[in-house]
Amino acid sequence: MNFQLSEEHLAVQAVAREFAQKELKPGVIERDSKMEYPYEQIKRMGELGFMGMMVSPEYGGGGMDTLSYVLAMEEISKVDNSCSVIMSVNNSLVCWGLETFGTAEQKNKYLPKLASGEWLGSFCLSEPEAGSDATSQSTTAVDMGDHYLLNGTKNWITSGGTSKIHLVMAQTHPELGSRGINCLIVETSSPGVAIGAKEDKLGIRSSDTHTIMYTDVVVPKENRIGEDGFGFKFAMKTLGGGRIGIAAQALGIAGGAYELALGYSKQRTTFGKPINQHQAIAFKLADMATEIEAAKLMVYRAAWLKDQHQDYTAASAMAKLFASEVAMRHSVEAVQIHGGYGFVKEYHVERLMRDAKITQIYEGTSEVQRIVISREISNDKPYLPA
């Protein structure tokens, strides 16, 4: 086993950290409070190559491995999770899904714009009655011969108001259940696409989350990804990798909260000494450091398995489950260590606490991760530790 990051990995980590601390941190509190979309920051992330990190250079991407992507996600998530979730969806769900399963024409048409950050993409699976039960798709794509007629509503869509394309899961053959679902590439400029109001959220407040309505949208047959009925498999395979990105986001939230708490504990004095010298605080920091290190090993290993083209289904679910719970638990502890100062926006930890909650919900709730893990270990697919 080799736990040493390569020079390339360290360079990616350093660039992401510098960008997050110097360019994202100033103004992050105001953007969060006002729900201001980070246009300039996302543009800069595109210029730095963060929006298409794993895309092949053939299509204008960075050609990097999953671990490089995880390292960048982790550093950016220590500061601004609205930016990191936009980055995650564009990289893990949209770009990866298109490059892995799309046709040559689809890849040539869309990937260069997505990888550069000129365009953003959205992943449209959830519906008002289809969240954790993703098989219950009410959105329909009726086969009209040379095109599909798309009708339905999608909920909780990241980048819903700014993306140029949507990857939409829709039911074509209801009698086949999940095997009748297709994934369609829908350009948001198409007639019949309507964007709902931006959601007023607990956390990740400057990212744009919307409900999308599709009314008699004409989608050419060449915009279907994969064979007829491949849509649900596409969604599940893509989400398996996407969970690694969200696990990295949760890891970043936990790490960012820990770094802030540790720094504050060295400066704040009570009873004549810094509070990190009081056992009550020292033990909190020790628990934080230990669990964050454990989460880091799980997330990095899931990324490594993906890069080695090994089965990472259980590993990614375990990483997301554990990292998200660590993020929630220790962002709360970071607020506690800050005391009254932790309860105000100026010290950043209350925002990280609010951001942490969504990592237990999107791209599969913690309950869904437990379902995935239990199925893997029960169906002759034992999870084998390193």
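FYI, it's all coordinate maths here, none of it is from the lab. These numbers were taken from a predicted model, which means no experiment stands behind them. All Cβ positions, glycine included, derive from the backbone under ideal geometry; neighbour counts span all protein chains shown.
Build a GNM of the chain with springs between Cα atoms under 10 Å apart, and of VAL89, VAL28, VAL79 the one that fluctuates most is VAL28. Pairwise Cα distances in the chain exceed 42 Å for 11 percent of all pairs. Relative to the current alpha-carbon distance between ASP146 and THR365, full extension at 0.36 nm per residue lengthens the span by 75.1 nm.
Sparsely packed loop sites in region 100-174 (the GluC sites (Glu not before Pro) outside DSSP H, G, I, E and B with at most 14 other Cβ atoms within 10 Å) comprise GLU118, GLU129.
Got a sec? Which residues in region 351-366 would a label at ASP287 touch, if it sits 7 Å along Cα→Cβ and we count backbone N under 19 Å? Answer for region 351-366: 353-354, 356-357.
Can you tell me the dipole magnitude for the chain around its Cα centre, using point charges on the Cβ only (Lys, Arg +1; Asp, Glu -1), in Debye to the nearest 20? Each step should come with its number before you reach the end.
On the way: 38 positive and 46 negative charges, 192 e Å.
My answer is approximately 920 debye.
Roughly what % of DSSP beta bridges within the chain run antiparallel, to the nearest 5? Roughly 85 percent of the DSSP beta bridges within the chain come out antiparallel. In the Gaussian network model of the chain, springs joining C-alpha atoms below 10 Å, which of LYS43, LYS273, LYS284 carries the largest mean-square fluctuation? Of LYS43, LYS273, LYS284, the most mobile in the Gaussian network model is LYS273.
Multiply the residue gap between SER136 and GLN21 by 0.36 nm, knock off their C-alpha separation, and tell me the result in nm, one decimal place. Before the final figure, lay out the partial values.
Details: separation 115, 0.36 × 115 = 41.40 nm, distance 4.20 nm.
Between SER136 and GLN21, full extension yields an extra 37.2 nm.
Our estimate of slack between MET213 and ARG268, defined as 0.36 nm per intervening residue step minus the Cα-Cα distance, is 14.7 nm.
Hey, any idea what the orientation-averaged projected area of the convex hull of region 7-142's Cα atoms comes to, in nm²?
On the way: hull surface 39.5 nm².
With the hull built on Cα positions only, its mean projection is 9.9 nm².
Could you tell me which of rounded, prolate or oblate describes region 199-257, using a ≥ b ≥ c as the square roots of the eigenvalues of the alpha-carbon gyration tensor, with rounded for a/c under 1.5 and, failing that, prolate when a/b is larger than b/c and oblate otherwise? Can you show the working numbers first?
Values: a/c = 4.24, a/b = 1.58, b/c = 2.69.
In terms of gyration-tensor shape, oblate.
Output the pairs from LYS78/LYS266; LYS198/LYS221; LYS34/LYS273; LYS201/LYS221; LYS78/LYS107; LYS34/LYS296 with a Cα-Cα distance over 27 Å in this structure; if there are none, say none.
Values: LYS78/LYS266 19 Å; LYS198/LYS221 30 Å; LYS34/LYS273 38 Å; LYS201/LYS221 36 Å; LYS78/LYS107 32 Å; LYS34/LYS296 32 Å.
Pairs exceeding 27 Å: LYS198/LYS221; LYS34/LYS273; LYS201/LYS221; LYS78/LYS107; LYS34/LYS296.
For a quick protection proxy, order the peptides 255-261, 96-102 by their average other-Cβ count within 10 Å, most packed first. Show your work: numbers first, answer last.
On the way: 255-261: 24.6, 96-102: 21.1.
Answer by packing, highest mean first, reads 255-261, 96-102.
Starting from the exponent 0.38 and prefactor 2.2 Å, build the expected Rg for region 283-386 from its residue count and divide its actual Cα Rg by it.
Values: Rg = 15.8 Å, N = 104, 2.2 N^0.38 = 12.8 Å.
Taking N as the residue count of region 283-386, the ratio is 1.23.
Considering only ARG268, ARG329, ARG224, the Gaussian network model of the chain with Cα springs below 10 Å gives its largest mean-square fluctuation to ARG268. Couplings for region 91-101, taken from phi via the Karplus curve 6.51 cos²θ - 1.76 cosθ + 1.60 with θ = phi - 60°, read 6, 6, 9, 7, 4, 5, x, 5, 5, 6, 10 Hz in order; Gly and Pro are left as x. Does region 108-151 come out rounded, prolate or oblate, given a ≥ b ≥ c as the square roots of the eigenvalues of its C-alpha gyration tensor, rounded meaning a/c under 1.5 and, failing that, prolate meaning a/b above b/c? Because a/c hits 1.5 or more and a/b fails to exceed b/c, region 108-151 counts as oblate.
When both region 147-194 and region 311-386 are represented by their alpha-carbon centers, they are found 29 Å apart.
Charges were assigned to the Cβ only: +1 to each Lys and Arg, -1 to each Asp and Glu. The resulting dipole of region 1-106 about its Cα centre is roughly 320 debye.
The overall shape of region 191-318 is oblate: from the C-alpha gyration tensor, with semi-axes ordered a ≥ b ≥ c, the ratio a/c is 1.5 or greater and a/b is no larger than b/c.
Sequentially through region 301-307, phi angles give Karplus couplings (6.51, -1.76, 1.60; θ = phi - 60°) of 5, 4, 4, 4, 4, 4, 5 Hz, Gly and Pro residues having no value and appearing as x.
In region 20-110, taking the dipole from charged Cβ atoms about the Cα centre, the farthest positive-side position among GLY102, GLY27, TYR59 is held by GLY27.
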